[in-house]
Amino acid sequence: LTGVLDDCLCDIESIDDFNTFKIFPKIQKLQERDYFRYYKVNLKRPCPFWADDGHCSIKDCHVEPCPESKIPVGIKAGSSNKYSKAANNSKELEDCEQANKLGAVNSTLSNQSKEAFIDWARYDDSQDHFCELDDERSPDAQYVDLLLNPERYTGYKGPSAWRVWNSIYEENCFKPRSVYRPLNPLAPSRVFTLEFICLLFCTGLCLEKRVFYKLISGLHASINLHLCANYLLEETWGKPRWGPNVKEFTRRFDPVETKGEGPRRLKNLYFLYLIELRALSKVAPYFERSVVDLYTGNGHEDAESKALLLDIFRDTKSFHMHFDEKSMFAGDKKGAKSLKEEFRLHFKNISRIMDCVGCDKCRLWGKLQTQGLGTALKILFSEKEIQSLPENSPSKGFQLTRQEIVALVNAFGRLSTSIRELQNFKVLLQQTR
């Protein structure tokens, strides 16, 4: 791959160099720190779109939850420790606590009314989210150590896996609802890939809808690259050996093997990288405030984690060929608002499809990367709110939960790894010729 990407003024070689020498080493270190390695997820939510067709029985599909005793105390404490001690002692919060103690109005509410208010609040909170978020209070939600459950090939494939991706591309296409395109993975007459069929329906669409397609295709390519790079090569005497599988990489990305689709998939990976890179540069002011801590309960480690994160933000700002998100939703206000909402709802539905993945490990990483991308979109569409954040008190107009922060960093870490692995495959392919 060489040259300039579509819909942005950035060339592939510049991204490769920037990622290899600046971003990749630092994002790897950041992902190893306690704040970012523990992710709370509900892997037992039922699929909302079709009857459960069975979960993966392969042992490599299993996700090992983390015992409560291993979780840092600050993370278990929840969002109350998200801000620094100085902020928690602020006059504004004291006033809030006093108002809660008075609570005269709440005491007159019926239980039914209280439940309604909770539902309304939950609905209001969801209006800026591009993802269906797990309820962290659910007894089925568990902490997972991402370092002990790496994303890699599990053997999950066939009709079940195909059904998930087909549903995602169907949801992505912004096609008229009257159009029905049955795509049977077992039909011998199937010639075109899912992406190509979707692209046919997306041809001629505006920038926003082209971007949407590229984000999903880029995510698909990134996940496939992880599976190719961390493939089960052999297992002797119960000792598995994992590593890059050039044959599998060729099958998924070679221009001949994929009828020309492979290079487009990889270009979309680079495009997705640029989108999330842009989000990191935009959200920097949120974390640069002294009031925000990456709280785990270990003051020294928390300070080091924040310093490393801010260092990465400085690198993202130094990149001189960012994607310009201002070109999106730039038409008349009414039409732009409607299109943005359609964009958000389509992506939110895709995040719900991740609960239909039959392999627990694939579901874990699918949910995390989808939430990471959803958080990046939330950031890009909240620029004004981020610019007007108060320095010394918790945010009102813009807020990120710890789950969103962890997903954002790890999702970008996965993209950074994908581009680094792509360089490795280039070397391996040259050696096999």
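The values are calculated or read from the model by the stated rules, or taken from the named source; none is laboratory data. Predicted model only: the values in this text are computed from it and were never measured. So basically every Cβ, Gly included, is an ideal-geometry build from the backbone, and we count neighbours across all protein chains shown. Areas reflect the complete protein model, heavy atoms only, side chains present, ligands, DNA and RNA absent. Shrake-Rupley method; radii C 1.70, N 1.55, O 1.52, S 1.80 Å.
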If a residue has to be within 18 Å of the chain's Cα centre (by Cα) and at pLDDT below 80 to count, how many in the stretch 326-361 make the cut? 1
Taking the stretch 401-433, which residues are part of a loop (DSSP other than H, G, I, E, B) and touching a Ser or Thr at 6+ places or on another chain (Cβ under 7 Å)? Thr401
Can you tell me how many residues within the stretch 399-421 are open to solvent by less than 10 Å² (accessible area, probe 1.4 Å) and farther than 17 Å from Gln371 by Cα? 2
Taking the condition of being aliphatic (A, V, I, L, M) and closer than 17 Å to Gln369 by Cα, how many residues in the stretch 212-265 meet it? 7
Residue count, the stretch 203-242, condition at positive phi and either touching a residue at least 12 places away in the same chain (Cβ under 8 Å) or aromatic (Phe, Trp, Tyr) (or both), comes to 1
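Matching residues to (1) assigned to a loop (DSSP other than H, G, I, E, B); (2) in contact with a Lys or Arg (Cβ under 9 Å, 6 or more places away or on another chain); (3) at pLDDT below 90:
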residue: Gly262; (1), (2), (3): no, yes, no
residue: Lys267; (1), (2), (3): no, yes, no
residue: Leu272; (1), (2), (3): no, yes, no
residue: Glu301; (1), (2), (3): no, yes, no
residue: Ala307; (1), (2), (3): no, no, no
residue: Arg314; (1), (2), (3): no, no, no
residue: Lys317; (1), (2), (3): no, no, no
residue: Phe323; (1), (2), (3): yes, yes, yes
What pairs can you find where one residue is in the stretch 411-433 and farther than 16 Å from Phe18 by Cα and at pLDDT 95 or above, the other is among the small types (Gly, Ala, Ser) and in a helix (DSSP H, G or I), and their Cβ atoms are less than 6 Å apart, with a gap of 6+ or different chains? Ala411/Gly372
Some residue of the stretch 368-383 being part of a helix (DSSP H, G or I), out of contact with any helix residue (DSSP H, G or I) (no Cβ under 7 Å at 6 or more places or on another chain) and open to solvent by less than 10 Å² (accessible area, probe 1.4 Å): yes
Looking at the stretch 2-46 only, could you name the residues that are surrounded by fewer than 18 Cβ atoms within 10 Å (Cβ to Cβ) and of a type in the set (A, V, I, L, M, F, W, C)? Val4, Leu9, Ile12, Phe21, Phe24
